[in-house]
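Encoded as structure tokens, the structure appears first; notes follow it.
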Amino acid sequence: MTISVILPAYNEEVLIASTIHAVKDYLKEKFQEGEIVIVNDGSTDHTRKIVKEIIQAHSGKILISLANNSKNRGKGYSVKKGMRIAKGDVRVFLDADLPYKMEAVNTIHLKISAGDDIVIGNRNDPGSNLANVHPLRKFAGDVYSSLVQTIIEDGITDTQCGLKGFSSEAAEFIFPRTTIHGFGFDVEVLRIAQKHSFSISKIPVQMLKNRSASRVHLIRDSLTMLWNLVVIRWNESKGKYE
């Protein structure tokens with residue numbers, strides 16, 4: 001089964017080159033061929049220029065493409081765009097700072113090849129190793145997770161891990177139905193999947209690093225994500241996920 005890796009990127013000029021090369025080398029080693037889709041989310045730095053230069057200099061069986069948002073639209077919007085552009089039988093999105101060991105990509109590929117529809121990273125798994133998670137962010141995440149349980153079923157306690165894989169069938173069904181553009185999109189994706197009986201399995205993650213300056217604004221984005229839970233309930237009651 002072919003594999004696509006989607007990388008949403010906003011103002012990532014410092015690390016985008018090393019991220020692309022790390023993903024490319026891993027796909028070449030494990031799969032010989034594959035696809036990387038970078039979605040530049042309206043960056044105001046040199047992210048777009050760097051990616052274009054890499055593409056121009058690149059050759060081989062690992063395809064690299066760039067999609068650009070005309071302005072900053074949010075992680076959910078960018079992942080959705082990347083999933084709809086991607087052509088792989090297995091489609092994985094990763095955070096641009098690559099906080100987790102890449103071996104998880106192979107695990108996701110194996111599980112979806114064996115019949116799973118969706119595979120998600122679970123930082124709460126006893127087998128997971130985390131790095132430098134600030135206690136306040138851990139507390140906020142635990143509170144949010146408890147509220148998410150009113151929407152998401154089957155013991156999924158970590159909806160926000162930036163490591164998720166989808167079969168092409170699941171991606172092509174779910175993402176056209178999503179409406180949330182920001183960090184709260186993960187819950188909507190999983191709720192649509194559950195509503196339509198897609199299987200969701202969880203894997204532990206091995207965190208190598210944690211971005212020192214998180215892209216999530218603790219208060220502002222937390223309030224927005226809480227509002228997103230209301231939006232998901234409303235959308236579902238109005239049949240928008242059918």
>> Under the 0.36 nm per residue contour assumption, what length would be gained going from the current alpha-carbon distance of ALA67 and SER237 to full extension?
In response: 57.9 nm
> Solvent-accessible area per residue for the stretch 83-242 at a 1.4 Å probe radius, Å²?
Replying inline: 47 Å²
> Which net charge results when you count Lys and Arg as +1 and Asp and Glu as -1 among the other residues whose beta-carbon is under 15 Å from that of GLY115?
Replying inline: -3
> If you average 1/r over all unlike Cα pairs in the stretch 2-48 and invert the result, what Kirkwood radius do you get in angstrom?
Replying inline: 11.2 Å
> Under DSSP H, which helices of the chain have Cα atoms covering 18 Å or more of the helix axis and a Kyte-Doolittle average no less than -0.5?
Replying inline: 16-31, 135-148, 218-237
> How much length is gained on full extension from THR44 to GLN56, taking 0.36 nm per residue of separation minus their Cα-Cα distance?
Replying inline: 2.2 nm
> Can you pull the semi-axes for the stretch 13-94, root of five times each eigenvalue of the Cα gyration tensor, sorted largest first, whole Å?
Replying inline: 20, 16, 10
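Which order do the peptides 16-26, 89-99 take when ranked by the mean count of other beta-carbon atoms within 10 Å per residue, highest first? List each step's numbers first, then the result.
Values: 16-26: 17.4, 89-99: 22.4.
For the peptides 16-26, 89-99, the packing ranking is 89-99, 16-26.
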> Quick one: Cα convex hull volume of the chain, Å³ per residue?
Replying inline: 117 Å³
>> Give me Rg/Rg_expected for the stretch 59-183, where Rg uses Cα atoms only and Rg_expected = 2.2 N^0.38 Å with N residues.
In response: 1.12
>> Taking the solvent-accessible surface of protein heavy atoms with a 1.4 Å probe, what is the per residue accessible area of the stretch 1-79 in Å²?
In response: 48 Å²
> In the chain, what percent of the accessible surface is made up of carbon and sulfur (1.4 Å probe, ligands and nucleic acids excluded)?
Replying inline: 53 percent
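The values are calculated or read from the model by the stated rules, or taken from the named source; none is laboratory data. Fair warning: this is a prediction, and the values are worked out from it, not measured in the lab. Reconstructed Cβ throughout: ideal geometry from the backbone, glycine too, with neighbour counts over all protein chains shown. Areas reflect the complete protein model, heavy atoms only, side chains present, ligands, DNA and RNA absent. Shrake-Rupley method; radii C 1.70, N 1.55, O 1.52, S 1.80 Å.
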